[in-house]
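Engineer: Provided herewith is a single structure, encoded as structure tokens, for subsequent inquiry.
The values are calculated or read from the model by the stated rules, or taken from the named source; none is laboratory data. Since the model is a prediction, treat every value here as computed from it, not as a measurement. All Cβ positions, even for glycine, are placed from backbone atoms using ideal geometry, and neighbour counts span all protein chains on display.
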Amino acid sequence: MEILVCIKQVPGSNKVEVDPVTGVLKRNGADSKMNPYDLYALECGLKLREQYGGRVSVITMGPPQAQAIIKEAYAMGADAGAIVSDRAFGGADVLATAHTLAQGIKKFGKFDIILCGLQTTDGDTAQVGPEVSEQLDIPCVCNVKEIKGVEGDNILVDMEMAQDIEHLKVSFPCLITVQKDIVQPRLPSYLKKKDTENREIVMYTLKDMEDQNKNNYGLNGSATQVQRIFPPTSDKVQVTWDDPADVLAEKIYSTIKSRKLLG
Amino acid sequence: MSEYKVLDASDLEAISQYVPRERILWADEINEEYSHDELSADASYPEMVVKITSAEEASKVMRYANEKHIAVTPRGAGTGLVGSSVAVEKGIMIDTTLMNHFLELDEKNLTLTVEPGVLLMEIGQYVEEKGLFYPPDPGEKTATIGGNISTNAGGMRAVKYGVTRDYVRGLEVVLADGTIMEVGGKVVKNSSGYDLKDLIVGSEGTLCLVTKAILRLLPLPQKNVSLLIPFPTLAQAIGTVPLIVSSNVIPTAVEFMEREVIMDSEEYLGKKFPDNQADAYLLLKFDGASVEEISKYYDSVAQICLEQGALDLLIADTDERAEAIWKARGAFLEAIKGSTTMMDEVDVVVPRSCVNEFVEFVHDLRKEMGIRIKSFGHAGDGNLHVYILRDDMDDKKWAEMLGKAMERMYLKARELKGQVSGEHGIGLAKKPYLKESLPKESMKLMQGIKKAFDPNNILNPHKVCFD
């Protein structure tokens, strides 16, 4: 079974700063990490390999320093990795990103299952996964909360909907995006890190792509333009109660219950 | 028959002159939680709880109590484990939790002045936002700093940074007769007579009441990386610690953990631990200016560990990864507690080279006595937390087994030249063992110090060194 996991390098800290002039996210190469949501996708891929055999590859789009997260994926157990990188890809929105990734994936190989994290911590759109599937013309299931297993050329998954859970059987090739906490991601291994220090990372640039039309990539290929990025206003609500202990206990309990913090 | 005055309505009226009645709890108003701490089997209700908001209030209450010979028990968040905040002679309990203000952050002297009711977790958050660092890191983050000072709490970073006493520069205290006094200050060095400040830290509320603390801060290390190191056996894991300690790198934390405690924690938190390949683990943490600098440290540690049989070294280099491990580690006490009906603990500290011998002794003891005993601890500083679980034992058998297990473990710790408590204190629960482990002269000196501070013995009676 050929498994591909899409991964992205994101800022290392949750305190993301926005450049007030350009409105662009400040990316400091020295302080970055693999998108935490992608760790769940990668772990799902590694678990599928353990259970059913095959290979786990990873692909990322980003500047050359994003190779660091491919090395990280190697230290977690991935077999092969590719980076899609070219100045022409810069400034891409979700559509252009999905197109570029899909082009890279076609070049990289044939895959039975493509796994993505639900979203990224910097872009937050949760759209790149499904759009990649669209570009590759393969079925897609989002919000997967459990992978039940593989049956022949199908994968069985539970998709979480607002009101209910859908059991789905999806035929290969397909793309699924997995939820946070679907599994507990393993930690990178020191031994694997040392073993894979010199393992190849494939690099694809525009000239490697099937679609050579520059207008489909980067800023030119973007259907949306970001006008302004600004930190959101906090929606934290603070309530103060001043009641006798028994009333307070009841209030706290019903609040916790209504917010579904208690089972 | 107690030598202390039993409180009556006149005392309530008198104390209400000093502290508004709405901050006084009396008779039925006193909640059950004021009768015990988090673990100790001892329970006793105070007759009055006074929620003070200033040293002046505390001073008036203490002066009154001293004149009337009423027992006074200080209490913070009640997270102690040895009964230090249990009002054995009833009387007045002074609750410091409303004194929870940050008074001053002095960035020139790198000090933070706080009231005693500020919680440890609030201190961490407050200073880290400003790029500063308060290193003591006990597992119980909801403890008050007053409580931490009272027990000289240690925690996981002690290997590199030391314990609470090392980070208290000065204190404002209220003596038993109501005198408000300052000891120490913002000075870095101090050779001016006996160090009363260091004596008060760790005195468990028996010498005076702390009403203000000047804490020493450090610049916040920019990065930290944790290593989770699976070993085939616990003996191999712990045996590696002295080699790490004697190498040139100093981790901030060196913890050991066993599979069965990790499983308790998984169940308690409802969250899987990031690894399950081994029965025993070491957990190391390093800090430094950059990930590159830190990876240089752990390269040499990795060689040591692999030579000693480590299966691998797992790298937690992001907040999410570190949290997955440390959250589990932080939940060990509660998780073990949740796995049984009742438990008691041993908080011995032994020389670091003897940790393995002590842990093996505990394993053998468990087999020999046929009871469940779980342990985890700070392998890097020799401080072990061993928990004896009651499970379904009846009262008689529990008392007998507990007594026997405790006795054997403290004896072993003495044999290894260890001490009764590494960080939880003596309180009531460990008093007999302290008495057995220290020379008579040492106990006499402690009692003399107590008498000098509190001649009428009103402050937290029967704790630490007094019967």
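Engineer: Which ones in the stretch B:305-325 are surrounded by fewer than 20 Cβ atoms within 10 Å (Cβ to Cβ) and either at pLDDT 95 or above or more than 9 Å from chain A (Cβ to nearest Cβ) (or both)?
Structural biologist: The answer is B:L306, B:E307, B:Q308, B:G309, B:L311, B:A322, B:E323.
Engineer: Looking only at residues that are outside any loop (DSSP other than H, G, I, E, B) and in contact with a Ser or Thr (Cβ under 9 Å, 6 or more places away or on another chain) in the stretch B:412-445, which one is farthest from B:V362 (Cα to Cα)?
Structural biologist: B:L434
Engineer: Separate question: Could you look through the stretch B:278-299, keep only residues that are within 10 Å of another protein chain (Cβ to nearest Cβ) and closer than 20 Å to B:P135 by Cα, and pick out the one that is surrounded by the fewest Cβ atoms within 10 Å (Cβ to Cβ)?
Structural biologist: B:S290
Engineer: Report, by residue number, each residue of the stretch A:75-95 that is under 20 Å from A:M1 (Cα atoms), part of a loop (DSSP other than H, G, I, E, B) and away from every other protein chain (no Cβ under 14 Å).
Structural biologist: Result: A:A78, A:D79.
Engineer: Is it fair to say B:V359 is touching a residue at least 60 places away in the same chain (Cβ under 8 Å) and within 14 Å of chain A (Cβ to nearest Cβ)?
Structural biologist: no
Engineer: Within the stretch A:168-176, does at least one residue satisfy the condition of being touching a residue at least 40 places away in the same chain (Cβ under 8 Å), within 14 Å of chain B (Cβ to nearest Cβ) and within 19 Å of A:Y37 (Cβ to Cβ)?
Structural biologist: No.
Engineer: For A:G152, all conditions in the list (1) under 25 Å from A:P64 (Cα atoms); (2) more than 14 Å from chain B (Cβ to nearest Cβ); (3) small (G, A, S) hold save one; what is the number of the exception?
Structural biologist: All conditions pass for A:G152, except number (1).
Okay, residues lined up against (1) among the polar types (S, T, N, Q); (2) within 22 Å of B:G124 (Cα to Cα); (3) surrounded by fewer than 22 Cβ atoms within 10 Å (Cβ to Cβ):
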| residue | (1), (2), (3) |
| --- | --- |
| B:L220 | no, yes, yes |
| B:K223 | no, yes, yes |
| B:I238 | no, no, no |
| B:V241 | no, no, no |
| B:T252 | yes, yes, yes |
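Engineer: Can you tell me which residue within the stretch B:414-458, out of those that are over 23 Å from B:D347 (Cβ atoms) and touching a residue at least 60 places away in the same chain (Cβ under 8 Å), is surrounded by the most Cβ atoms within 10 Å (Cβ to Cβ)?
Structural biologist: Ranking the qualifying residues of the stretch B:414-458, first place goes to B:I458.
Engineer: Yes or no: B:A302 buried (at least 20 other Cβ atoms within 10 Å of the Cβ), within 12 Å of chain A (Cβ to nearest Cβ), aliphatic (A, V, I, L, M) and under 21 Å from the mean Cα position of the chain (by Cα)?
Structural biologist: So B:A302 does not fit the description; no.
Engineer: Further question on the same structure: Of the residues A:E72, A:E50, A:E43, which single one is closer than 21 Å to A:Q184 by Cα, within 14 Å of chain B (Cβ to nearest Cβ), modelled with pLDDT of 95 or more and surrounded by fewer than 17 Cβ atoms within 10 Å (Cβ to Cβ)?
Structural biologist: Matching residue, one of A:E72, A:E50, A:E43: A:E50.
Engineer: So which residues in the stretch A:185-216 are within 14 Å of chain B (Cβ to nearest Cβ), among the acidic types (D, E) and part of a helix (DSSP H, G or I)?
Structural biologist: Across the stretch A:185-216, the qualifying residue is only A:D195.
Engineer: Only one residue in B:K51, B:K60, B:K68 is in contact with a Ser or Thr (Cβ under 9 Å, 6 or more places away or on another chain) and at negative phi, so which one is that?
Structural biologist: Just one listed residue meets the conditions, B:K51.
Engineer: Let me ask another. In this structure, does B:K271 turn out to be away from every other protein chain (no Cβ under 12 Å), out of contact with any strand residue (DSSP E or B) (no Cβ under 8 Å at 6 or more places or on another chain), surrounded by fewer than 21 Cβ atoms within 10 Å (Cβ to Cβ) and among the charged types (D, E, K, R)?
Structural biologist: In short, no.
Engineer: A further question follows. I'm trying to understand the selection: among the residues of the stretch A:217-248, which are in a loop (DSSP other than H, G, I, E, B) and within 14 Å of chain B (Cβ to nearest Cβ)?
Structural biologist: The answer is A:D242, A:P244.
Engineer: For the stretch B:43-65, indicate whether the set of residues that are buried (at least 18 other Cβ atoms within 10 Å of the Cβ) and among the acidic types (D, E) is non-empty.
Structural biologist: Within the stretch B:43-65, one or more residues are buried (at least 18 other Cβ atoms within 10 Å of the Cβ) and among the acidic types (D, E).
Engineer: Taking the stretch B:225-234 on its own, how many of its residues are away from chain A (no Cβ under 14 Å) and either under 26 Å from the mean Cα position of the chain (by Cα) or part of a strand (DSSP E or B) (or both)?
Structural biologist: The qualifying residues number 1.
Engineer: So, A:E210, is that one more than 30 Å from A:K145 (Cα to Cα), surrounded by 10 or more Cβ atoms within 10 Å (Cβ to Cβ) and out of contact with any Asp or Glu (no Cβ under 8 Å at 6 or more places or on another chain) or not?
Structural biologist: no
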